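The values are calculated or read from the model by the stated rules, or taken from the named source; none is laboratory data. The structure presented is a predicted model; accordingly, all values stated were derived computationally and were not measured. Accessible surface areas use protein heavy atoms only, side chains included; no ligands, DNA or RNA. Shrake-Rupley method; radii C 1.70, N 1.55, O 1.52, S 1.80 Å.
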Amino acid sequence: MTGKIYITIKGTKEGLVFLLDDKCDFTLLLDELNSKLDKHVQQFTGPIVHIFIKLGSRQLEEEDKERIRSILRKQGNLLIQSIESDPPVVDPNLKLAPTLHTMTGIIRSGQTVEFEGHLLLLGDVNPGGTIRCSGDVYVLGALRGTVHAGKDGDVEAIIAASLMKPTQLRIAEIISRPPDEWTSAEPWMEYAFLREGTMAIDKMTSLSRQRKEVMLFRGV
C-alpha cells in the first residue's frame, strides 16, 4: 500500500495493539486493515494473539465495531480483547447545567433544607424555616422564613417567591436589608438578586434583564 499509513501495529507483552487513525475516512481504515492482514498473513498465523484496537478520538457505533471484528476474524488466531476510544475531551470552561431539585410541602419553623444546585419549592417557607442552596431558590408560595442562595459564593444566584415577606435573604455573602424593606403586597412574583454588591428586588417578569442567557436545568 502506498501513501499515508492509517494503521500502526505495535507489539506488547499482552499482544498486538492496532492504532487506528482517528481523522481519516472510516472506509480507508477498513481497506488498510484488510490489506495489512493479507500482506502479513504469515505473521498472523500460529498461536493465539490478543488484539487491542485503539480508535483514538473516533467514536464508533457497535455496527462499525463489528465490521472491524469481522475483518480480524479472518485470521482464526487473532482474539480481539477490546475496541476503545479515548475519553471525550471536556472543555474546562464549559459550565455544566446545574441540577434542579423539586420539593413539595412546607418548610416549618426549625426546619432547614439544603441542596446542591437549584430548588423549586411548591409550598411555603414559614418564619423560622430555612433553605440553603448553591444555586437559585424558587418558592411557589409564601416566603416568610430565611433563604440563602448561592451559598458557595455564586453572586449570580437569585431568590424568587410568589409572596416575598422573608425573615432574611442572603445571596453568596450578601445579607438582605431589614425585613420591613422587603415587605410587598404586590400580586406578582418577585425575585431578589445582587446589583453591584447590594441586594435588590424586582418583578419576576424582569428576570430577562438580569440573565440574558437561556437557563437550562437538569432535573432529578
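Express in Å², to the nearest 10, the accessible area of E114 obtained by rolling a 1.4 Å probe over the protein heavy atoms while all chains stay in place.
The value for E114 is about 100 Å².
What number comes out for accessible area per residue over segment 58-157 if the probe is 1.4 Å? Units Å², please. All intermediate terms of the calculation are to be shown ahead of the outcome.
Numbers: 5480 Å² over 100 residues.
Roughly 55 Å² per residue, with all protein chains present.
On full extension of the chain, what length is gained from Q75 through V90, given 0.36 nm per residue of separation minus the C-alpha to C-alpha distance?
Working: separation 15, 0.36 × 15 = 5.40 nm, distance 3.80 nm.
Taking 0.36 nm per residue and subtracting the Cα distance, the gain is 1.6 nm.
Tell me, what HN-Hα J-couplings in whole Hz come from the Karplus equation 6.51 cos²θ - 1.76 cosθ + 1.60 at θ = phi - 60° for each residue of segment 52-68, using x for Gly and Pro?
After applying 6.51 cos²θ - 1.76 cosθ + 1.60, I find 10, 9, 10, 8, x, 7, 5, 10, 10, 6, 4, 4, 6, 4, 5, 5, 5 Hz.
Take R69, R209, R195, R144 and sort them by solvent-accessible surface of the protein heavy atoms, 1.4 Å probe, largest at the top.
Details: R69 55, R209 155, R195 135, R144 95 Å².
Result of the area sort, largest leading: R209, R195, R144, R69.
Figure the gain on full extension for E156 and K4 (residue separation times 0.36 nm, minus the Cα-Cα span) and round it to one decimal in nm. Don't jump to the answer; show the numbers that get you there.
On the way: separation 152, 0.36 × 152 = 54.72 nm, distance 5.21 nm.
Length gained, E156 through K4: 49.5 nm.
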